[in-house]
Every structure is written in C-alpha cells, then in structure tokens.
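What follows is a structure written as structure tokens; I'll ask about it next.
The values are calculated or read from the model by the stated rules, or taken from the named source; none is laboratory data. Bear in mind the structure is a predicted one, so any value in this text is a computation, not a measurement. Because the Cβ atoms are built from the backbone with ideal geometry, glycine has one as well, and the counts that use them run over all protein chains shown. Ligands, DNA and RNA are stripped out before the accessible areas are found, and what is left, the full protein with its side chains, is counted by its heavy atoms. Shrake-Rupley method; radii C 1.70, N 1.55, O 1.52, S 1.80 Å.
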Amino acid sequence: MSQRPGFPAKLPALGAPRTTRTPAPLVGTQRPVAMPTPKPVPSKAVAGTSPAQRSAPLRSGLGMGMDYGPLRARMVSNLAAQGLQDPMVLQAMGLVERHRFVETALAVQAYEDTSLPIGLGQTISKPNVVARMIELMREGISGKLGRILEIGTGCGYQAAVLSHVATEVYSLERLRGLHEKSRENLRPLRLHNVHLIFGDGMLGYPKGGPYAGIISAAGGESVPQAWLDQLAVGGRLVAPTITPAGHQALVVILRTAEGFDRQVLEAVHFVPLKSGVA
Ligand code: SAH
C-alpha cells in the first residue's frame, strides 16, 4: 500500500499567501464564482411554492417547518450500519441539511436512501453513494483533505458535504441552470471554501490543482486525461466509469510516484458525463 502525503501539508497551507494560485486570469467559460454575501433567506416553507408542493409534505404530516434533525441522525446511523466508517464523512453527512437541496414536495424523502430529481434530467445521488465515494476518496486520511475537485455540482449537496472534509472544494457544472441553482442553495450556508465554477468538467480545473482528491458525480466512457494530470501524487480519484465488461462501476485511481493504481469496485448508476456546456 503506497503512503499518502498528509494533505494539506504537501499543498500550500490554507490562509498562507496564495500568490501562485490566485487570482489567475480566467479563460473560456470557466468562471469561479465568489459566494456573495448571504442575505437572510426565507425557509422553503414560506418561499413561493405551488399548492401541490405545499400539500405533499402536509399530507404526510411533515413539512419544511419540521425538525429534520432526527431523520438526519437516523440516516447517519443507517450509513454507519451499512458499513461506512470514516468519522469525518459521517459527521459531514449529519451536518448538511439534504432536504434544503430538493424541491419542497420531495423534502420528506430527503433522508431516505434514495436518489432524487434535481431538475434538467439530473439527480442527486443516494446518501449512501455520496458517503461511500467521499470515504473512498479519503482513504488513509484522518484529517481534512487539501484541495479537491468535484465534477457535477448539480444541486450543490455533495459540494456542501465535501466542504466539511476538505480545505477547499472546486466544483464544476456544465448546465447553467444547475450551476445557478447550486449557488442559490449554498448561499445561506456561507461555505467560504466552496468554489462553484460553470464549465466543462471533462477539462478539470487546472487552476485549483493539483488536487488531493477528485470526485465525479457523472459517469463517462473513460476517465479524462485532464483529471489524471490534475491529481496530486498521493491523491485519489473516484468516478463512475464504463468498465471493459461494459457496465458502469465505481473506479478508484490512486496516483503514486510511479504512476496510477486503478481499482474497479461495485456497479453504480450515474447520469452521463457529457462534454461542453449548456
Ligand atoms: N453532486 C451532485 C450530483 C449531480 S448529478 C449533487 O449533489 O446534486 C451529476 C451532475 O453532473 C449533473 O448536474 C450534470 O449536469 C453534471 N455533469 C455531467 N457532465 C458534466 C461535465 N462534463 N462537466 C460538469 N458537470 C457535468
């Protein structure tokens, strides 16, 4: 088993002058988005919702006004019972309010182990899959990871979880509608270490790299070379990828001083990794 460097020791210390990294000139469509100063945001219970959206949680006796803490705590104990072990990941899953990232009508399902639609044909992964992928990316590390890259911001839920297990999170989304939605979802959380970028994740985001971890929420035919190039030595990449057997599985790639160690794990079902922006 290769040793992993203790991130962020190998990477520039957080808070240190980051003269080599920021602010770099921006190219193409990749635009980092500084999280604006948060304004008080009404809870989704009072935000404009359709009668159908309002009635769904009420029908089941639940609503945005309710305390989702116990449901979230139960979700975390279920994750632990399913074998997830990394205390920092479990803690992060307990901190992020998943119900705030989905439509009000779906809020009651937010703490079930199910994927949910987030618009534009995309889905937020099951909590179990989110936690599993982050745990795989963090294998061998007990403290926070250094800088990490997420491909596929979607609604921003996983980026929020990642913000608690890494010092800096760069998250790319190719659909403008979801990029904007994730900004709205994340604004009230004031996660200053999350950098949302509208752009094609196939190209990675060299300005934030090299990364201690790379995680993709969309599955491609193969792992783009740009991701491998931007992975730090000792860093781990976790991505759903089509295997030689022709199905989609989780692939973990560890970058060593000598090259790349690749492991193919369980079968998964992720939305496709697409190139370009829309
Ligand atoms: N992590 C997300 C999951 C979103 S689903 C969440 O917590 O909600 C996967 C996302 O990957 C979709 O939003 C899809 O638009 C995006 N995606 C697919 N190909 C991409 C690419 N090349 N670059 C960036 N995002 C991509």
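Taking the stretch 164-183 on its own, how many of its residues are hydrophobic (A, V, I, L, M, F, W, C) and either in a helix (DSSP H, G or I) or without any contact (Cβ under 8 Å) to a residue 60 or more places away in the chain (or both)? Spell out the reasoning first.
Going through the stretch 164-183, the residues hydrophobic (A, V, I, L, M, F, W, C) turn out to be 165-166, 169, 172, 175, 178.
Narrowing the set further to residues that are either in a helix (DSSP H, G or I) or without any contact (Cβ under 8 Å) to a residue 60 or more places away in the chain (or both) leaves 166, 169, 178.
Final tally of qualifying residues: 3.
Return yes when Pro188 is surrounded by fewer than 17 Cβ atoms within 10 Å (Cβ to Cβ) and in contact with a Pro (Cβ under 7 Å, 6 or more places away or on another chain) and no when it is not. Give the derivation first.
Working: surrounded by fewer than 17 Cβ atoms within 10 Å (Cβ to Cβ): yes; in contact with a Pro (Cβ under 7 Å, 6 or more places away or on another chain): yes.
Spelling it out, Pro188 is indeed surrounded by fewer than 17 Cβ atoms within 10 Å (Cβ to Cβ) and in contact with a Pro (Cβ under 7 Å, 6 or more places away or on another chain).
Restricting attention to the stretch 174-185, which residues are open to solvent by 10 Å² or more (accessible area, probe 1.4 Å) and either in contact with an Asp or Glu (Cβ under 9 Å, 6 or more places away or on another chain) or farther than 15 Å from Leu273 by Cβ (or both)?
Arg174, Arg176, Gly177, Glu180, Lys181, Arg183, Glu184, Asn185
Answer with yes or no whether Gly121 is open to solvent by 10 Å² or more (accessible area, probe 1.4 Å) and more than 9 Å from the ligand (Cβ to nearest atom).
Values: open to solvent by 10 Å² or more (accessible area, probe 1.4 Å): yes; more than 9 Å from the ligand (Cβ to nearest atom): no.
The answer is no for Gly121.
While we're on this one: Exactly one condition in (1) more than 15 Å from Tyr170 (Cβ to Cβ); (2) open to solvent by 50 Å² or more (accessible area, probe 1.4 Å) is not met by Pro206; state its number.
Going through (1) more than 15 Å from Tyr170 (Cβ to Cβ); (2) open to solvent by 50 Å² or more (accessible area, probe 1.4 Å) one by one, Pro206 breaks only (1).
Within the stretch 95-118, which residues are surrounded by 19 or more Cβ atoms within 10 Å (Cβ to Cβ), assigned to a helix (DSSP H, G or I) and out of contact with any strand residue (DSSP E or B) (no Cβ under 9 Å at 6 or more places or on another chain)?
His99, Arg100, Thr104, Ala107, Val108
Scan (1) within 9 Å of the ligand (Cβ to nearest atom); (2) open to solvent by 10 Å² or more (accessible area, probe 1.4 Å); (3) more than 15 Å from the chain's Cα centre (by Cα); (4) not aliphatic (A, V, I, L, M) for the single condition Gly199 breaks and write down its number.
Condition not satisfied by Gly199: (2).
State the number of residues belonging to the stretch 135-163 that are more than 8 Å from the ligand (Cβ to nearest atom) and either assigned to a strand (DSSP E or B) or without any contact (Cβ under 8 Å) to a residue 24 or more places away in the chain (or both).
Matching residues across the stretch 135-163 total 5.
Of everything in the stretch 155-164, what is in contact with a strand residue (DSSP E or B) (Cβ under 9 Å, 6 or more places away or on another chain) and open to solvent by 10 Å² or more (accessible area, probe 1.4 Å)? Give them in sequence order. Spell out the reasoning first.
Start the filter on the stretch 155-164 by keeping residues that are in contact with a strand residue (DSSP E or B) (Cβ under 9 Å, 6 or more places away or on another chain), which leaves 155-160, 162-163.
Matches in the stretch 155-164: Gln158 only.
Any chance you could count how many residues in the stretch 233-253 are over 20 Å from Val129 (Cβ atoms) and either within 19 Å of the chain's Cα centre (by Cα) or surrounded by 20 or more Cβ atoms within 10 Å (Cβ to Cβ) (or both)?
2
Given the condition among the charged types (D, E, K, R), open to solvent by 50 Å² or more (accessible area, probe 1.4 Å) and within 16 Å of the ligand (Cβ to nearest atom), answer yes or no: does some residue in the stretch 212-225 qualify? It would help to see each step written out before you state the result.
Filtering the stretch 212-225 down to residues among the charged types (D, E, K, R) leaves 221.
Keeping just the survivors that are open to solvent by 50 Å² or more (accessible area, probe 1.4 Å) gives 221.
Of the ones still in play, those that are also within 16 Å of the ligand (Cβ to nearest atom) are 221.
The answer is yes; a qualifying residue exists.
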